[in-house]
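Notes follow the structure.
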Amino acid sequence: MTEATNAAAKRQQAGKPQPDNLPRPGNLVDAEIDELPAPEPTRVGSRRGLVYLGLCLVLIGLNLRTVFSSFSAVLPEVTSQAALPGWAVVVLTTVPVTLLGVFAPLAPVLARRFGAERVLLGAMAVLTAGLLLRPVELPWLQVSGPPGPAHLTALLAGTAACGAAIALCNVLLPGLVKRDFPHRLGLMGGLYTTAICASAALGAGFTYPLYKATGEWALALWFWALPAAVVLVLFLPVAVRQDPIRHQAVREGVNVWRSAVAWQVTIFMVLQAMMSFSVFAWLAPILRERGVDGATAGLVVSACIVLQMLGSLFAPALAARVRDQRAINMVVALMTGGGFALSIFGPLELIWVWAGLLGLGQGSLTAVALTMIMLRTRDGHTAAHLSGMMQGVGYGLGSSGTLLVGQLHQATGSFTAAGVLFLAVGLLAAVFGYRAGRNRFVGDPTG
């Protein structure tokens with residue numbers, strides 16, 4: 001291990017507060033902060049090994065959103081060729097987001113038992129298996145009628161497996177980045193978060209061209225199992241080298257579930273998640289229903305997601321420079337809701353403008369919502385508990401956005417009602433963003 005890594009380990013073992021545990025904006029939240037003894041940095045053996053570990057963690061991040069954007073890119077083809085019923089389309093776009101919230105609390109529990117590295121390895125194995133299973137046709141499950149059930153079971157099971165695996169990675173990856181790279185936290189945090197955004201852009205931009213090149217939607221979806229399998233193989237020697245140590249959970253910090261500030265921040269997170277994952281699940285189908293061809297729709301969604309990266313780079317720094325974040329929270333929430341609504345019923349000639357407004361707004365909104373974890377807490381333990389609350393509740397209830405879009409589309413036959421929905425969600429996000437942005441802290445008498 002490097003000297004910097006050894007120093008971090010000694011600080012943890014001594015039980016002294018680490019500088020990176022302080023609630024500074026942009027820091028990554030460590031889901032294992034309550035463990036005793038404190039988890040040691042990953043054993044890598046050399047500086048080259050540390051670089052290799054960093055590459056693996058970034059590549060894991062590069063696989064965490066393709067499951068959402070790749071499916072939506074070919075949703076019309078899957079729906080028609082696999083004869084999926086309407087309810088199945090709604091479930092397939094909702095289940096993976098719901099499972100992000102359901103499985104998030106399980107990640108620290110598994111890490112205490114098996115070690116974070118081995119849990120990440122297992123999650124990548126499940127993700128690879130889920131991506132392989134999604135397009136499989138199971139003829140022995142065929143029943144009378146259209147061929148939908150032969151694909152439906154595999155689609156449901158594979159999508160659920162992907163959602164569960166991504167939930168574990170979402171929770172554990174930031175802590176590993178923070179623990180193993182305290183001397184390069186800004187660089188690694190930036191690479192990791194950019195990789196996650198890039199994964200969504202890649203899935204949106206390349207899945208439809210893969211479908212056109214192969215003529216099979218199943219092959220286009222199968223492709224995304226390849227990079228996941230490569231990362232699984234690369235990370236295998238790192239994970240198996242670690243010696244799992246039993247840890248105990250020692251609860252420190254305030255009870256966030258009884259804090260009004262924590263609930264305001266969490267509801268703000270719920271509303272942004274409703275819009276964020278609806279972009280991944282429905283923006284491409286929305287554009288295609290409006291007459292945009294599949295390849296162009298994929299490019300528009302990719303550009304929207306790339307602009308999300310830009311928004312996520314600047315918004316947290318801006319939010320951290322002011323005493324409260326009410327103004328910025330309201331502006332980015334209204335940009336997101338308005339951009340989404342205009343993408344649905346605004347002039348199609350300006351679709352790139354609407355997508356740009358949506359991308360900048362959504363990236364900024366997601367980033368400031370996550371930054372609230374640090375800005376509204378006074379210590380690392382409370383920040384970790386607030387992060388767990390936000391991920392569990394935020395993703396669990398945030399999946400209602402994709403559900404409502406699907407239900408409204410089935411009921412009305414168009415996405416116009418969804419545009420009205422996102423105007424309402426954007427307004428609500430502005431209201432709770434105003435409340436969450438006040439200069440108050442979880443655990444204070446006023447919080």
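Summary table
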quantity	calculated
Qualifying residue in segment 411-418 (condition: assigned to a loop (DSSP other than H, G, I, E, B) and closer than 24 Å to Gly101 by Cβ)	no
Criterion (under 27 Å from Ile166 (Cα atoms), of a type in the set (S, T, N, Q) and either not assigned by TED's automatic domain parsing to the domain that holds Ile267 or not in a helix (DSSP H, G or I) (or both)) met by exactly one of Thr446, Thr377, Thr402	Thr377
Residue ID - modelled with the highest pLDDT, chosen from residues in segment 48-63 that are under 25 Å from Gly203 (Cα atoms) and β-branched (Val, Ile, Thr)	Ile60
Looking only at segment 403-430, and only at residues there that are surrounded by fewer than 17 Cβ atoms within 10 Å (Cβ to Cβ) and among the β-branched types (Val, Ile, Thr), the one that is nearest to Ala284 (Cα to Cα)	Thr416
Test: residue in segment 342-353 that is crowded, with 23+ Cβ neighbours inside 10 Å and either under 30 Å from Ser80 (Cβ atoms) or in contact with a Lys or Arg (Cβ under 8 Å, 6 or more places away or on another chain) (or both)	yes
Residues (crowded, with 20+ Cβ neighbours inside 10 Å and without any contact (Cβ under 8 Å) to a residue 60 or more places away in the chain) located in segment 83-125	Val119, Ala123
Scan of segment 158-175 for residues that are in contact with a helix residue (DSSP H, G or I) (Cβ under 6 Å, 6 or more places away or on another chain) and either of a type outside the set (S, T, N, Q) or free of Cβ contacts under 8 Å to residues at least 60 places away in the same chain (or both), ordered by number	Gly158, Ala160, Ala161, Cys162, Gly163, Ala164, Ala165, Ala167, Leu168, Cys169, Val171, Leu172
Out of Trp263, Trp222, sole residue that is among the aromatic types (Phe, Trp, Tyr), surrounded by fewer than 24 Cβ atoms within 10 Å (Cβ to Cβ) and not assigned by TED's automatic domain parsing to the domain that holds Ala123	Trp263
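To keep it simple, each residue is scored yes or no on (1) touching a Ser or Thr at 6+ places or on another chain (Cβ under 7 Å); (2) surrounded by fewer than 21 Cβ atoms within 10 Å (Cβ to Cβ); (3) part of a helix (DSSP H, G or I); (4) of a type outside the set (Val, Ile, Thr).
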{"site": "Arg43", "(1), (2), (3), (4)": "no, yes, no, yes"}
{"site": "Gly49", "(1), (2), (3), (4)": "no, yes, yes, yes"}
{"site": "Ser69", "(1), (2), (3), (4)": "no, no, yes, yes"}
{"site": "Pro76", "(1), (2), (3), (4)": "no, yes, yes, yes"}
{"site": "Ser80", "(1), (2), (3), (4)": "no, yes, yes, yes"}
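The values are calculated or read from the model by the stated rules, or taken from the named source; none is laboratory data. From a predicted model like this one, the values you see are computed outputs, not experimental measurements. For neighbour counting, all protein chains shown are included, and Cβ atoms are generated from backbone atoms with ideal geometry for every residue, glycine included.
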